[in-house]
Amino acid sequence: MWALVFWIFALLLSLASVFFTLFCGYIFYIHVKYDHIPGPPRDSFILGHYPTTANDLVYDVLLEWVQKYGPVVRINFLHNVMILVVSPEAVKEFLMSPKYTKDWFYNRMSNLFGVRFLGKGLVTDRDYDHWHKQRRIMDPAFSRTYLTGLMAPFNEKAEDLMQRLSEMADGKTEVGMLNMFCRVTLDVISKVAFGMDLNSIDDDQTQFPRAISLAMRGIVEIRNPFARFSLGKQKYIKDTQESLRFLRKTGRECIERRKKAIEDEEDIPLDILTQILKGAAQEDECDMEDLIDNFVTFFLAGQETTANQLSFTVIELARNPDILNRAQDEVDEVIGSKRDLEYEDLGKLQYLSQVLKESLRLYPPGPGTSRALEEETVIEGVRIPAKSSLMFNTYVMGRMEQFYPDPLVFNPDRFHPDAPKPYFTYFPFSLGPRSCIGQVFAQMEAKVVLAKLLQRFEFELVEGQSFEIYDTGSLRPMGGAICRLRPRTISGTTKK
């Protein structure tokens with residue numbers, strides 16, 4: 001009996017040794033294939049650069065490497081290699097053309113810890129034909145023409161936020177602006193896109209904010225190939241799995257209710273979901289799992305990214321009183337004391353647009369994207385092997401001196417219509433055919449909320465909080481953008 005156990009153990013050990021040897025041989029082959037590309041010394045033969053990139057905000061590390069090694073940098077993760085490229089010409093070539101598909105990393109966001117996550121939604125779908133069918137169905141629901149008719153719910157939910165903030169605007173109460181922005185953007189996306197009234201601004205018990213945060217954090221966790229096996233992360237993994245099931249269950253129920261209402265010819269809201277279902281029916285493309293994939297995609301992207309953008313913007317405005325005063329002057333001139341903004345008002349808020357764009361330059365919530373390179377090519381004089389993954393990062397390029405003088409200075413005048421602009425260095429919503437379908441939606445929402453905030457309140461940052469950038473799948477301020485607010489008083493009139 002013991003002899004049998006011994007031989008089984010010996011066999012397993014031998015197989016593990018053979019596998020490890022073959023794996024090491026494959027890693028050595030990868031090193032030989034890519035080591036002509038500039039890059040920092042690896043931390044480890046097997047782990048590559050993973051230890052360094054895991055312990056810091058990875059994008060600041062990448063910026064340092066670009067400054068030291070040039071516009072094409074090799075990054076090793078176990079047996080995988082990413083090629084970071086910060087060439088405007090390469091950005092134009094690879095993001096503007098439909099011939100380059102997204103790379104293998106997006107497969108890892110399809111499922112998260114064994115539960116379907118973004119599936120084959122617009123962000124993760126690597127099959128161009130399948131993606132193109134979905135995009136064609138959904139484009140009308142995100143067109144500027146359609147969204148201009150949705151100003152009423154934008155105004156309604158922003159007013160709910162202003163009312164809640166007015167209850168805390170005593171100059172003493174510390175308000176976590178990131179938390180409040182997360183709640184208003186959640187209410188906006190649920191109402192405007194799916195006809196759901198979550199009222200999360202006043203309901204602290206709603207499950208959605210936590211579910212979204214856990215899911216977004218998973219995008220960071222899956223960069224660690226050992227996360228699934230870490231005993232310390234098992235509770236987080238279980239909670240994340242439950243959150244994903246909750247989000248997908250909510251999506252399924254919402255879609256099924258709306259499909260039934262359409263079939264029964266009931267009165268239905270003219271929201272984004274209705275437009276998508278009608279378009280899908282015309283194209284005969286009503287796959288439920290695809291629809292749920294995009295429900296989760298829109299829910300996460302529509303809530304998290306805009307909230308983070310607004311939070312960073314408030315931080316920079318509070319740090320730069322001259323910019324804040326100029327933005328408030330414009331708001332006063334364009335909208336005065338008007339309660340509901342009209343679509344035409346948004347176009348007149350030119351300086352506010354510049355402020356929001358500058359915020360995205362320094363703090364893009366979605367900092368980058370990647371593409372698969374099928375054939376060998378040369379980028380900036382460096383030979384890139386076929387079957388490589390190319391990484392493009394707007395955070396890194398937005399902080400490079402050669403593209404933006406004094407890049408760490410918050411200067412909205414960079415985006416003045418007459419200012420010279422370095423093209424193909426700024427892509428917070430990506431570029432080309434795979435650019436974010438919701439970018440018009442996001443910037444309309446951000447401008448409505450920010451304009452009302454500047455119209456009604458003065459604010460200052462609470463001392464002692466952290467202003468470090470925290471990567472949770474999108475970039476957010478670690479300290480939560482905590483402020484003290486006071487009602488604005490102009491010419492003796494307090495704005496409420």
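To the nearest 20 Debye, how big is the dipole of segment 343-496 about its Cα centre, given +1 on the beta carbon of each Lys and Arg and -1 on that of each Asp and Glu?
640 debye
Before anything else, pin down the relative contact order of segment 327-391: Cα pairs under 8 Å, at least 6 apart, normalised by residue count, whole percent.
For segment 327-391, the relative contact order is 22 percent.
Any idea what the dipole of the chain comes to, in debye rounded to 20, about its Cα centre with Lys/Arg Cβ at +1 and Asp/Glu Cβ at -1?
Magnitude of the dipole: close to 1080 debye.
Please check which bits of segment 333-371 a label hung off residue 380 would reach, taking the label as a point 7 Å along Cα-to-C-beta and the cut-off as backbone N under 17 Å.
Residues 368-371 fall inside that zone.
Each label point is 7 Å from the Cα along the Cα-to-Cβ direction; what then is the distance between the points at residue 357 and residue 409, in nm?
Result: 1.9 nm between the two label points.
Output the relative contact order of the chain, whole-number percent, from Cα pairs under 8 angstrom with separation of 6+ residues.
About 23 percent, as a whole number.
R0 = 30 Å: FRET efficiency of residue 29 with residue 7, Cβ-based, nearest 0.05?
Result of the calculation: an efficiency of 0.35.
Which FRET efficiency value, to the nearest 0.05, is calculated for residue 173 and residue 239 with the Förster distance at 22 angstrom and r the Cβ-Cβ distance?
The pair residue 173/residue 239 has a calculated efficiency of 0.10.
Which whole-Hz couplings ³J(HN,Hα) result when phi for each residue of segment 312-326 is put into the Karplus expression 6.51 cos²θ - 1.76 cosθ + 1.60, θ = phi - 60°, listed in order with x for Gly and Pro?
Those phi angles translate into 5, 5, 4, 4, 5, 5, 5, 6, 10, x, 5, 5, 4, 4, 5 Hz.
Of all DSSP beta bridges located in segment 35-494, what percent are antiparallel, nearest 5?
The answer is about 90 percent antiparallel.
In whole angstrom, and with the biggest value first, how far do the Cα coordinates of segment 1-114 range along each principal axis?
Per principal axis, max minus min of the Cα coordinates gives 67, 31, 27 Å.
Classify segment 347-496: rounded, prolate or oblate, from the alpha-carbon gyration tensor (a ≥ b ≥ c, eigenvalue square roots; a/c under 1.5 rounded; otherwise prolate if a/b is larger than b/c)?
prolate
Label points 7 Å out from Cα along the Cβ direction at residue 145 and residue 101: separation in nm?
Using points 7 Å along Cα→Cβ, the separation is 3.3 nm.
Bear in mind these aren't lab numbers, they're just calculated from the coordinates by the rules spelled out. Only a predicted model underlies this, so the values are computations on that prediction, with no experimental measurement involved. Reconstructed Cβ throughout: ideal geometry from the backbone, glycine too, with neighbour counts over all protein chains shown.
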